[in-house]
Amino acid sequence: MKNKLLSAAIGAAVFALGTSAASATTLGDVKAKGFIQCGVNTGLAGFAAPDASGNWAGFDVDFCKAVAAAVFGDPTKVKFTPLSAANRFPALQSGEIDVLARNTTWSINRDTALGLNFRFVNYYDGQGFMVRKSLNVKSALELSGASVCVQSGTTTELNLADYFKANNLQYNPVVFEKLDEVNAAYDAGRCDVYTTDQSGLYSLRLTLKNPDEHTILPEIISKEPLAPAVRQGDDQWFDIVSWVGYAMINAEEFGITQANVDDMKNSPNPDIKRFLGVEADTKIGTDLGLTNDWAYNIVKNVGNYGEVFERNIGESSQLKIARGLNALWNKGGIQYAPPVR
């Protein structure tokens with residue numbers, strides 16, 4: 001509770017500053033310094049984590065690289081700021097970072113009271129539970145009386161309380177601010193249950209001493225649309241960050257990949273030619289304040305949405321997460337992007 005109150009107080013204090021920072025045109029500031037400052041998780045396998053050499057990789061990291069590719073034509077022109085759940089919003093509000101891509105749920109409070117803007121949902125998730133197989137628990141409805149490890153300052157903590165209250169279940173929350181503290185506590189047996197976004201559970205299970213001894217329960221108890229966020233007050237930057245995500249979705253729908261993007265410039269399809277910036281009268285880039293090949297640069301340097309998903313968290317990765325809701329709208333999912341025209 002203390003952490004949440006502190007975070008709220010800090011957020012209120014820097015809101016005015018954040019509004020001022022956004023109004024100075026983030027794109028101009030980014031170009032002047034020569035890189036994008038992107039806020040990411042402190043370490044969540046598959047989403048954002050540094051290797052032994054300090055090189056960041058993951059699903060959210062690739063989104064940051066895609067923004068850099070769109071703005072600079074170079075995916076390396078990005079720096080990463082690892083952020084806890086408690087300090088991620090103040091970092092964005094104050095102007096310390098330019099965009100937050102840190103498995104963050106889009107909610108009405110965050111979209112209004114915190115002065116942030118969300119639009120493109122890069123991962124449709126939901127909160128779940130992980131337990132030790134030795135408990136012989138098959139459903140979250142069997143968890144009454146359990147101790148539950150949870151990270152403070154998150155929608156996860158609120159959803160947990162709502163779910164147990166709605167189902168007349170008792171529980172003992174074991175709360176920590178930092179993700180690595182929650183992980184260590186669960187792995188050490190200080191709690192019976194670990195709850196967070198289900199995608200995060202798949203990731204965190206890999207870091208446990210004995211991953212195969214843990215199972216993820218079937219219940220999804222919330223809607224968790226995870227989305228990048230920017231400060232309110234700069235519509236141009238909001239549009240750029242949003243359309244980077246939409247471009248990656250559209251590229252997958254068009255069948256444009258890193259491997260074939262150069263050949264696709266010769267496609268007879270006018271929508272594809274427009275998307276890649278090769279039609280003479282196209283203004284898809286200049287209207288954003290970018291070059292007309294911004295979408296080409298994203299796909300060439302980072303890949304389409306499906307490629308980024310698959311290599312970081314999909315069936316080809318250690319996490320082996322199925323596309324599910326994150327499949328394209330015409331492939332059984334709900335990922336859908338407005339047309340680029």
Just the residues that are under 17 Å from ASP62 (Cβ atoms) and of a type in the set (Lys, Arg), please, taken from the stretch 309-334. ARG311, ARG323
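Of the residues in the stretch 62-71, how many are in contact with a helix residue (DSSP H, G or I) (Cβ under 8 Å, 6 or more places away or on another chain) and either within 14 Å of ILE97 (Cα to Cα) or open to solvent by 50 Å² or more (accessible area, probe 1.4 Å) (or both)? Write out each step before concluding.
In the first step, residues of the stretch 62-71 are kept if they are in contact with a helix residue (DSSP H, G or I) (Cβ under 8 Å, 6 or more places away or on another chain); the result is 62-63, 65-67, 69-71.
Cutting the leftovers down to either within 14 Å of ILE97 (Cα to Cα) or open to solvent by 50 Å² or more (accessible area, probe 1.4 Å) (or both) gives us 65, 67.
Within the stretch 62-71, residues that are in contact with a helix residue (DSSP H, G or I) (Cβ under 8 Å, 6 or more places away or on another chain) and either within 14 Å of ILE97 (Cα to Cα) or open to solvent by 50 Å² or more (accessible area, probe 1.4 Å) (or both) number 2.
Would you call ASP293 out of contact with any Gly (no Cβ under 8 Å at 6 or more places or on another chain), of a type in the set (D, E, K, R) and more than 20 Å from VAL121 (Cβ to Cβ)?
On the way: out of contact with any Gly (no Cβ under 8 Å at 6 or more places or on another chain): no; of a type in the set (D, E, K, R): yes; more than 20 Å from VAL121 (Cβ to Cβ): yes.
Judged against the criteria, ASP293 is not a match.
Might you let me know whether the stretch 318-328 holds any residue that is over 30 Å from PRO50 (Cβ atoms), modelled with pLDDT of 95 or more, open to solvent by less than 70 Å² (accessible area, probe 1.4 Å) and within 18 Å of the chain's Cα centre (by Cα)? Explain how you work it out, then say what you get.
Applying the first criterion (over 30 Å from PRO50 (Cβ atoms)) to the stretch 318-328 yields 328.
Now narrow it down to the ones that are modelled with pLDDT of 95 or more: 328.
Cutting the leftovers down to open to solvent by less than 70 Å² (accessible area, probe 1.4 Å) gives us 328.
Checking which are within 18 Å of the chain's Cα centre (by Cα) leaves us with 328.
Yes; the residues of the stretch 318-328 include at least one that is over 30 Å from PRO50 (Cβ atoms), modelled with pLDDT of 95 or more, open to solvent by less than 70 Å² (accessible area, probe 1.4 Å) and within 18 Å of the chain's Cα centre (by Cα).
Working carefully through the options SER107, SER84, SER94, find the one that is touching a residue at least 40 places away in the same chain (Cβ under 8 Å), surrounded by fewer than 20 Cβ atoms within 10 Å (Cβ to Cβ) and within 14 Å of the chain's Cα centre (by Cα).
Working: SER84 fails: surrounded by fewer than 20 Cβ atoms within 10 Å (Cβ to Cβ); SER94 fails: within 14 Å of the chain's Cα centre (by Cα).
Being touching a residue at least 40 places away in the same chain (Cβ under 8 Å), surrounded by fewer than 20 Cβ atoms within 10 Å (Cβ to Cβ) and within 14 Å of the chain's Cα centre (by Cα) holds for just one of SER107, SER84, SER94, which is SER107.
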Scanning the stretch 143-157 for residues that are farther than 17 Å from ILE216 by Cα, in a helix (DSSP H, G or I) and of a type in the set (S, T, N, Q) gives THR155
Of (1) at pLDDT 95 or above; (2) open to solvent by less than 60 Å² (accessible area, probe 1.4 Å); (3) touching a helix residue (DSSP H, G or I) at 6+ places or on another chain (Cβ under 6 Å), GLY314 satisfies all except one. Which? (3)
Scanning the stretch 120-137 residue by residue, the ones that are over 17 Å from SER199 (Cβ atoms), open to solvent by 10 Å² or more (accessible area, probe 1.4 Å) and in contact with a strand residue (DSSP E or B) (Cβ under 9 Å, 6 or more places away or on another chain) total 4
Of everything in the stretch 296-328, what is touching a strand residue (DSSP E or B) at 6+ places or on another chain (Cβ under 6 Å) and of a type in the set (A, V, I, L, M, F, W, C)? Give them in sequence order. LEU325, LEU328
Number of positions in the stretch 158-189 that are open to solvent by 30 Å² or more (accessible area, probe 1.4 Å), closer than 16 Å to ILE220 by Cβ and not in a loop (DSSP other than H, G, I, E, B): 5
Residue under evaluation GLY303, criteria (1) open to solvent by 10 Å² or more (accessible area, probe 1.4 Å); (2) closer than 30 Å to GLY128 by Cβ; (3) of a type outside the set (Lys, Arg), criterion not met: (1)
Report, ordered by the first and then the second residue, all pairs with beta carbons closer than 9 Å, sequence separation of six or more or different chains, a first member in the stretch 314-325 that is at positive phi, and a second member that is hydrophobic (A, V, I, L, M, F, W, C) and in a loop (DSSP other than H, G, I, E, B). LYS320/ILE313
Filtering the stretch 38-59 for residues that are at pLDDT 95 or above, open to solvent by 30 Å² or more (accessible area, probe 1.4 Å) and farther than 12 Å from PRO82 by Cβ leaves a count of 2
The lone exception for LEU201 - which of (1) over 10 Å from GLN151 (Cα atoms); (2) open to solvent by 60 Å² or more (accessible area, probe 1.4 Å); (3) touching a residue at least 24 places away in the same chain (Cβ under 8 Å) it fails: (2)
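Restricting to the stretch 123-182, and then to whatever is of a type in the set (A, V, I, L, M) and under 22 Å from the mean Cα position of the chain (by Cα), can you tell me which residue is nearest to TRP106 (Cα to Cα)?
Of the stretch 123-182, the ones of a type in the set (A, V, I, L, M) are 130-131, 135, 137, 140-141, 143, 146, 148, 150, 158, 160-161, 166, 169, 174-175, 179, 182.
Then drop every residue that is not under 22 Å from the mean Cα position of the chain (by Cα), which leaves 130, 150, 158, 160, 179, 182.
Values: MET130: 23, VAL150: 19, LEU158: 14, LEU160: 17, LEU179: 20, VAL182: 23 Å.
Filtering first and then ranking leaves LEU158.
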Note on SER267: of the conditions (1) polar (S, T, N, Q); (2) at pLDDT below 95; (3) touching a Leu at 6+ places or on another chain (Cβ under 9 Å), unmet is (2)
In the stretch 100-119, which residues are aromatic (Phe, Trp, Tyr) and touching a helix residue (DSSP H, G or I) at 6+ places or on another chain (Cβ under 8 Å)? PHE118
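Residue under question is ILE221, and the condition is that it be of a type outside the set (D, E, K, R), open to solvent by less than 50 Å² (accessible area, probe 1.4 Å) and under 30 Å from ARG132 (Cβ atoms); does it hold? Give the derivation first.
Values: of a type outside the set (D, E, K, R): yes; open to solvent by less than 50 Å² (accessible area, probe 1.4 Å): yes; under 30 Å from ARG132 (Cβ atoms): yes.
The answer is yes for ILE221.
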Of residues in the stretch 121-180 being of a type in the set (Phe, Trp, Tyr) and in contact (Cβ under 8 Å) with a residue 40 or more places away in the chain, the one farthest from ILE321 (Cα to Cα): TYR163
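The values are calculated or read from the model by the stated rules, or taken from the named source; none is laboratory data. None of the values given here were measured: they were computed from a predicted structure. Because the Cβ atoms are built from the backbone with ideal geometry, glycine has one as well, and the counts that use them run over all protein chains shown. The protein model used for the area step is the full one, side chains on, heavy atoms only, and it has no ligands, DNA or RNA in it. Shrake-Rupley method; radii C 1.70, N 1.55, O 1.52, S 1.80 Å.
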